[in-house]
Amino acid sequence: MYALAASAAGVGALALAQPCEAKIIYTKTHQVIGTNGFYGLDLNHDGNIDFLIQERGSSFSSTGYNGLFVKEAFGNAVRGSNSLALALSGGAPIGPRQQFISRTNSVGELMFNVVCTPDTGCSTKGQWGGVSDRYLGLKFLISGKTHYGWARLSVDIKPGHNIVATLTGYAYQTIANKKISAGQTSSRADHTAGGSASAESEISDSAVVQPSPLQQPSSLGRLALGMRDVPLRRQP
């Protein structure tokens, strides 16, 4: 736990040490969110969780439920429509002109679910089932000002209808109220993840993957203990 705390502090210090001319901060990561797992996404590494990506359910054959959700801190939102979080393709705009949703569900905005009953069989809902390298469009607050960002995920549906999401990177625009494109990792619009390293501001973030309160930084651990039925908060 001391090592994890030191690692989290190091990442936060690195984020603060980014050059002042940087416009987009990109974080490369690999976080797997399996059955009943969660990951607290801190886009700007300030110690406050901006979004919580969580899976709920259990393995089943003919009767059961599994769902993948993204829950926003108070004042934040995700690109969505009709209570569903959109699975954006690379290059999609994320900014003031797009539609965002928040607090449409007590457990978060639905990304994908599977529902099976003996009478009706199995049905699915949402855009995130079986996708590779799609993007969540994110709107969040830094010191009371609106910023935009993205999170890149792939989602597999495993045997037993288990949903497994893998978060592979995220980024945010450091200039308030300025748009970002899904997958963009530098201030030049034609650069996306995997582009020129010299044009990117990258932070390595390869923390322990399987979520549990003891494996996360202390702020996330405290949140995890009561996160299931209470709204996220962040400081204005």
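Backbone geometry of segment 128-141 corresponds, through the Karplus equation with coefficients 6.51, -1.76 and 1.60 at θ = phi - 60°, to 3J(HN,Hα) couplings of 9, x, x, 9, 10, 6, 9, 10, 7, x, 10, 10, 8, 9 Hz, x marking Gly and Pro. Rg over Rh for segment 39-154 works out to 1.01, using Cα positions for both radii and the Kirkwood form for Rh. Label separation (residue 179 vs residue 65): 3.7 nm, computed from points 7 Å beyond Cα along the C-beta direction.
A simple count of charges around residue 113, restricted to other residues whose Cβ falls under 15 Å of its Cβ and scoring Lys, Arg +1 and Asp, Glu -1, yields +1. Between residue 82 and residue 119, the contour length at 0.36 nm per residue exceeds the alpha carbon distance by 10.7 nm. So how far, in whole Å, is the C-alpha centre of segment 109-130 from the one of segment 27-81? For segment 109-130 versus segment 27-81, the Cα centre distance is 17 Å.
Here the label points at residue 158 and residue 103, each 7 Å from Cα along the C-beta direction, are separated by 3.5 nm in the simple model. For the peptides 149-162, 92-105, residues were scored by their other Cβ atoms within 10 Å and the scores averaged per peptide; the highest-first order is 149-162, 92-105. Tell me the relative contact order for segment 108-180 as a rounded percent, counting alpha carbon contacts under 8 Å between residues six or more apart. Here the relative contact order equals 24 percent.
Every number here is computed from the coordinates shown, using simple stated rules; none is lab data. No experiment lies behind these values; they were computed from the predicted model shown. With ideal geometry, Cβ positions are generated from the backbone for all residues, glycine too; neighbour counts draw on all protein chains shown.
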